[in-house]
1. Looking at Ala175, Ala194, Ala225, Ala221 in this structure, which one is at pLDDT below 95, more than 19 Å from the chain's Cα centre (by Cα), more than 17 Å from Phe121 (Cβ to Cβ) and aliphatic (A, V, I, L, M)?
2. List the helices (runs of 4 or more DSSP H) inside region 1-104, counting only whole elements, that have at least 3 residues being over 15 Å from Ala116 (Cα atoms), of a type in the set (D, E, K, R) and free of Cβ contacts under 8 Å to residues at least 40 places away in the same chain.
3. Run Glu117 past the list (1) under 16 Å from Ile27 (Cβ atoms); (2) buried (at least 20 other Cβ atoms within 10 Å of the Cβ); (3) in contact with a strand residue (DSSP E or B) (Cβ under 9 Å, 6 or more places away or on another chain) and report the number of the one that doesn't hold.
4. Residues in region 95-103: is at least one within 23 Å of Gly84 (Cβ to Cβ), touching an Asp or Glu at 6+ places or on another chain (Cβ under 8 Å) and modelled with pLDDT of 95 or more?
5. Give region 141-170 a look and list any residue that's closer than 14 Å to His207 by Cβ and not polar (S, T, N, Q), or say none.
6. Is it the case that Tyr138 is at pLDDT 95 or above and among the hydroxyl-bearing types (Ser, Thr, Tyr)?
7. Test Ile123 against the criterion of being in contact with a Lys or Arg (Cβ under 6 Å, 6 or more places away or on another chain) and in contact (Cβ under 8 Å) with a residue 24 or more places away in the chain, and give yes or no.
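The values are calculated or read from the model by the stated rules, or taken from the named source; none is laboratory data. Note that the coordinates shown come from a computational prediction; the quantities given were computed from them, not determined experimentally. Virtual Cβ from ideal backbone geometry, glycine too; neighbours counted across all protein chains shown.
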Amino acid sequence: MITIQTLATGSTGNCYHISDSRTSLLIECGISFKDIQRGLNFKTSEIEAVLVSHDHKDHCKAVQDVANRGLDIYMSQGTKDAIGIEHHRIKTMKNKEAVQIGSWKVLGFDLQHDAAEPFGFLIESEGGERILFASDTYYIKYKFTGITHLLIECNYSLEIINRKIADGSIPLFLAERIMNSHFSLENLLVFLKANDLSRVQEIHLLHLSDSNSNGIEFKQAVQAATGKLVYVA
């Protein structure tokens, strides 16, 4: 049975816990290790490894502490170089080459973000469940089949951004930065329509903007488009 827990999400920090009852993983460590411990009821010894998508602090803040605590951390070579921490616990992954971590097979794939070699992750259990994780990207160029669980960014809506541009409450440069680095509701709906969702059990919407999103409306829109169970992290 797959369990998913959000410890933190958004621009102040990201960290997610997944388990297939055999192997537990963290995706991102963008909060302090103490906060990770508290979120997991101090059961961090059960974590097999940590996946880090890219080098921005809200996703990798605790890399040094996590490594020092004896946990393996997987990321792209570009992310490792950008973070600049040398530690034997930091392992690099190649784009679209899977690695085995406990009972999970983890494949990293390239995303579109203003970072050094950002990755999304396709994570498959021995039981055939497939988790797709993608955050901090304005576009996903790949299509996927057999997904059972989606953890995916839904940062803002174009409607809200355009309204704020029109009334002057957001500078154009900031709006452009958001649109060129994060996944909008509109792009998410296009992505969902293009992919095979027949096995999907849950969709978790991640990394909603504090000021450019509406969690209730986003949840309703994704539920209406997919007919699936949707959670707003």
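1. The conditions single out Ala175.
2. 33-39
3. With respect to (1) under 16 Å from Ile27 (Cβ atoms); (2) buried (at least 20 other Cβ atoms within 10 Å of the Cβ); (3) in contact with a strand residue (DSSP E or B) (Cβ under 9 Å, 6 or more places away or on another chain), Glu117 is out only on (1).
4. Yes; the residues of region 95-103 include at least one that is within 23 Å of Gly84 (Cβ to Cβ), touching an Asp or Glu at 6+ places or on another chain (Cβ under 8 Å) and modelled with pLDDT of 95 or more.
5. Within region 141-170, Leu150, Leu151, Ile152, Glu153, Cys154, Tyr156 meet the criteria.
6. No.
7. Criteria not met by Ile123.
Each row is one residue, and each column tells you yes or no for (1) surrounded by 12 or more Cβ atoms within 10 Å (Cβ to Cβ); (2) over 25 Å from His54 (Cβ atoms); (3) in contact (Cβ under 8 Å) with a residue 60 or more places away in the chain.
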position	(1), (2), (3)
Leu185	yes, no, no
Ser198	no, yes, no
Glu202	yes, no, yes
Asn212	yes, no, no
Val222	yes, no, yes
Ala225	yes, yes, no
